[in-house]
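Everything on this sheet refers to the single structure shown next.
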Amino acid sequence: QLKIGNEFKFRPHQKETIIDIISNIINHEHRNYVVEAPTGSGKSLINIISAGVLWDYYGLTSYILVSDLFLWEQYDSFLKKYPLTDIATLKGQTGNYKCVVNGNDMKNAECKMFGLSWTAMFNPKSITCSNFDCAYTCEYVLARKRAIRSSICVMTYQLYMFVMNNPQFNQDGHGNYIFKPHDVLFCDECHNVPSIVQLQYTPTIVEDHFDKLLELYRYAYHNDDESLFDDTDDSEHLADDMIYKSEAEFKKVLNGYWNTWTNIESRKDEDYDAMMKYGNIIMSFIKTSEVIKAAMVQKKNNKMNVTEYDNKMYKIASWHENFCCHWNDFMEAISQTGTEYLLKDVTVANDDGHISVAFKCTREDYLVYKFLLDSALWKVFVSATIGGKNAYDENMGFRFDIDKTKPEELNESALVRVPSSFNFDESPVFFLNKFRMSFKERDISFYHLKTVIYSICSTKFRGQRGMIQTGSYSFAKQLYDDAPFEIKKRMLMYNGSREKNIMISLHRMSSDTILVGPTLNTGVDLPGDECRFIIILKVPYPNLQDKLVKEKMKLFPRWYESATSNEIIQGIGRGVRYDGDWCVTYILDACFNSLYYSTREQYPKELQDRIKFIN
């Protein structure tokens, strides 16, 4: 309280939750402590104060991990208000900062092109000798230095997993870790963890990658008549198909792998075999990338002319190093889980027809354990919507993260549900149990539900702002096209995340608009008059056409319905953002009936009391 200020007052249940978190850790109880805390409970402060007390009184260090830069900025803004010197924030990977000298992201900053390490940029003597006085004011250098030296650091999951799982980017040249493992991980918005980890460890191949490999080939071997590995020490360590007599032959081999991967009928063992050989190729160019970077350092330090080609190759070398890290991490995960969990996803872009091939490991539970849970002893997971406990535990891989010396009950996760302190008397949730929006019935049901939606908008909420969560862009368009003129002119429809953000901004500046579209159930904050009604047209089941969804249903049977209910709970929460706020919600898909009763345990008591069934 001395650091935050005597005027600070705990919100209801906040202090008790913090005490429970600290008690669990200092008494060495559950390694994985899960807190479901509703909107308005002050989740960020729960994490900050818990981490602060654990350091001040018990000497335990912490990382606070956030799911995106929007949430990171909330933490950063709060911490700037208070003299919390032990807590630092690092925005994300180097791509989130710009070099003021050359305008590149910090991975390709001018000082890096001169061969200076980040450690050197922290040292005033090195700065003076290298004439990089900009290091004294460099946003990234200052933030990185503080993050490394602080006992508590706020960063994104993506940055944390990158530095903790890639020693070559997290060592100082003497075998010492730069970002050291901490005692405790606080994981905010933890319901997103499996999808964040999955995305981080999903290597994606596009044809542009082959162009970059060809540039590395040309840099190393200069002309088509030379063998790729002739007269080098590396040739004896490579398979026969890794020696190419010409660039044309090299391109032919790359195209062979591409043809295998883009063939949706190819078997998993064929895909994996091609991945292993492709991995050998990309790893064979590590020395080439090192030479490219060394050449840049030499030119910079000797004040030689640096061409556009030099800059291009330097950036390709940086890309190559990062890509190799992600590729190796993924291949290690597949080797540990088995090729039966390898999933290939071929996508053709609608705008330009470009093809991409993404490789996924369907054992998300193992990915979460290996790349996140295993890096700290104590973990605290905080979210407004956890879902069913068993389903969450399965998907998070808690079964791998055990201490065999402890009793069985302490190896299970602990789940604490914090009750809401809001008054929901004016925020009922009406459920129309009549029209099912299932695949077979949706056309007929939608015909009837359009009339219901237009009636709600025109009679009950004329002149007020709200949203319609449609579940798909197709339904949003049909709803808009068929709307009466007076309602249509209020509707703000979008196509894609960029348009969505524009429409949300327009909505906030208006007096009676209605946001219409999918993906409105998460990441949208519309307090007060900005949202007085919410219409959920369709139960947002995960897309069964998605291969990963199908595989996850097999591996984690409880996940599918639990994830769907989570989406609904999140969607209902978009309109009541503070105590005294109100918003009326309508669920129009009768499929909700069976879903609700099969997952009722994950609906907070105060939400269950709000649901009014209408036949």
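The values are calculated or read from the model by the stated rules, or taken from the named source; none is laboratory data. What you see is a predicted model, and the numbers here were worked out from it, not measured in a lab. Please note: Cβ atoms are built from the backbone with ideal geometry, for glycine as well, and neighbour counts cover all protein chains shown. In case anyone asks, the SASA skips ligands and DNA or RNA and just uses the protein heavy atoms, side chains included. Shrake-Rupley method; radii C 1.70, N 1.55, O 1.52, S 1.80 Å.
Below, the figures for the structure above:
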quantity: Residue that is modelled with the lowest pLDDT, among those in segment 250-271 that are closer than 25 Å to T339 by Cβ and either surrounded by 18 or more Cβ atoms within 10 Å (Cβ to Cβ) or hydrophobic (A, V, I, L, M, F, W, C) (or both); calculated: I264
quantity: Hits in segment 330-344 (condition: open to solvent by less than 40 Å² (accessible area, probe 1.4 Å) and not aromatic (F, W, Y)); calculated: M331, A333, I334, T337, G338, L342, L343, K344
quantity: Check on K81, open to solvent by 30 Å² or more (accessible area, probe 1.4 Å) and free of Cβ contacts under 8 Å to residues at least 12 places away in the same chain; calculated: yes
quantity: Close pairs from segment 441-458: first closer than 20 Å to F533 by Cβ, partner aromatic (F, W, Y) and surrounded by 16 or more Cβ atoms within 10 Å (Cβ to Cβ), Cβ under 6 Å, at least 6 apart; calculated: H448/F435; L449/F435
quantity: Qualifying positions in segment 167-200 - among the small types (G, A, S) and either touching a Phe, Trp or Tyr at 6+ places or on another chain (Cβ under 9 Å) or at pLDDT below 90 (or both); calculated: G173, G175
quantity: Odd one out for I355, checked against (1) over 20 Å from L65 (Cα atoms); (2) surrounded by fewer than 21 Cβ atoms within 10 Å (Cβ to Cβ); (3) under 19 Å from the mean Cα position of the chain (by Cα); calculated: (3)
quantity: Sole exception among (1) over 29 Å from C190 (Cβ atoms); (2) open to solvent by 20 Å² or more (accessible area, probe 1.4 Å); (3) at pLDDT 80 or above for T128, by number; calculated: (3)
quantity: Members of segment 489-505 found to be open to solvent by 70 Å² or more (accessible area, probe 1.4 Å) and not in a loop (DSSP other than H, G, I, E, B), listed by number; calculated: S497, R498, E499, N501, I502
quantity: Cβ pairs under 9 Å, 6+ apart, first in segment 359-383 and touching a residue at least 60 places away in the same chain (Cβ under 8 Å), second assigned to a strand (DSSP E or B) and small (G, A, S); calculated: A376/S62; W378/S62; V380/S62
quantity: Cross-chain or 6+ apart pairs with Cβ under 6 Å, segment 48-59 first and over 23 Å from Q74 (Cβ atoms), then among the β-branched types (V, I, T) and in a helix (DSSP H, G or I); calculated: Y58/I26
quantity: Matching residues, segment 175-195, being touching a residue at least 24 places away in the same chain (Cβ under 8 Å) and at positive phi; calculated: E189
quantity: Among residues of segment 196-209, those that are free of Cβ contacts under 8 Å to residues at least 24 places away in the same chain and farther than 15 Å from I282 by Cβ, counted; calculated: 1
quantity: From I444, I468, residue being under 28 Å from the mean Cα position of the chain (by Cα) and either more than 28 Å from A37 (Cα to Cα) or at pLDDT 95 or above (or both); calculated: I468
quantity: Matching residues, segment 103-123, being open to solvent by less than 20 Å² (accessible area, probe 1.4 Å) and on the phi > 0 side of the Ramachandran plot; calculated: none
quantity: Residue check, S23 small (G, A, S) and touching a residue at least 60 places away in the same chain (Cβ under 8 Å); calculated: no
quantity: Boolean, N322 is under 30 Å from N131 (Cβ atoms) and either outside any loop (DSSP other than H, G, I, E, B) or open to solvent by less than 40 Å² (accessible area, probe 1.4 Å) (or both); calculated: yes
quantity: Residues of segment 442-472 classified as open to solvent by 70 Å² or more (accessible area, probe 1.4 Å) and within 17 Å of D589 (Cβ to Cβ), total; calculated: 6
quantity: Identity of the residue in segment 60-73, surrounded by fewer than 22 Cβ atoms within 10 Å (Cβ to Cβ) and in contact with a helix residue (DSSP H, G or I) (Cβ under 6 Å, 6 or more places away or on another chain), that ends up nearest to A147 (Cα to Cα); calculated: L60
quantity: Segment 103-138, residues that are among the aromatic types (F, W, Y) and part of a helix (DSSP H, G or I); calculated: W118, F122, Y136
quantity: Test: residue in segment 301-311 that is assigned to a helix (DSSP H, G or I), surrounded by fewer than 16 Cβ atoms within 10 Å (Cβ to Cβ), more than 32 Å from the chain's Cα centre (by Cα) and of a type in the set (S, T, Y); calculated: yes
quantity: Residue check for K287: assigned to a helix (DSSP H, G or I), open to solvent by less than 60 Å² (accessible area, probe 1.4 Å), under 21 Å from E215 (Cα atoms) and not β-branched (V, I, T); calculated: no
quantity: Selection count where residues are within 27 Å of D579 (Cα to Cα) and in a loop (DSSP other than H, G, I, E, B), scope segment 36-94; calculated: 10
quantity: Helices (runs of 4 or more DSSP H) contained in segment 363-482 and holding at least 1 residues among the hydrophobic types (A, V, I, L, M, F, W, C) and under 30 Å from M509 (Cβ atoms); calculated: 442-455, 473-481
quantity: Any pair with Cβ under 6 angstrom, 6 or more apart, that starts in segment 245-271 at a residue that is on the phi < 0 side of the Ramachandran plot and ends at one that is surrounded by 13 or more Cβ atoms within 10 Å (Cβ to Cβ) and basic (K, R); calculated: D271/K344
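Each row is one residue, and each column tells you yes or no for (1) of a type in the set (F, W, Y); (2) surrounded by fewer than 18 Cβ atoms within 10 Å (Cβ to Cβ).
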{"residue": "R11", "(1), (2)": "no, yes"}
{"residue": "I19", "(1), (2)": "no, yes"}
{"residue": "S23", "(1), (2)": "no, yes"}
{"residue": "I46", "(1), (2)": "no, no"}
{"residue": "I49", "(1), (2)": "no, no"}
{"residue": "G52", "(1), (2)": "no, no"}
{"residue": "Y58", "(1), (2)": "yes, yes"}
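Conditions (1) open to solvent by 80 Å² or more (accessible area, probe 1.4 Å); (2) more than 30 Å from H30 (Cα to Cα); (3) modelled with pLDDT under 90, marked per residue:
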position	(1), (2), (3)
T385	no, no, no
N395	no, no, no
T405	yes, no, yes
V418	no, no, no
F424	no, yes, no
S427	no, yes, no
F435	no, yes, no
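Yes or no, residue by residue, for (1) in a loop (DSSP other than H, G, I, E, B); (2) more than 29 Å from S50 (Cβ to Cβ); (3) of a type in the set (S, T, Y); (4) open to solvent by 50 Å² or more (accessible area, probe 1.4 Å):
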position	(1), (2), (3), (4)
V101	yes, yes, no, yes
A147	no, no, no, no
Y160	no, no, yes, no
L185	no, no, no, no
L199	no, no, no, yes
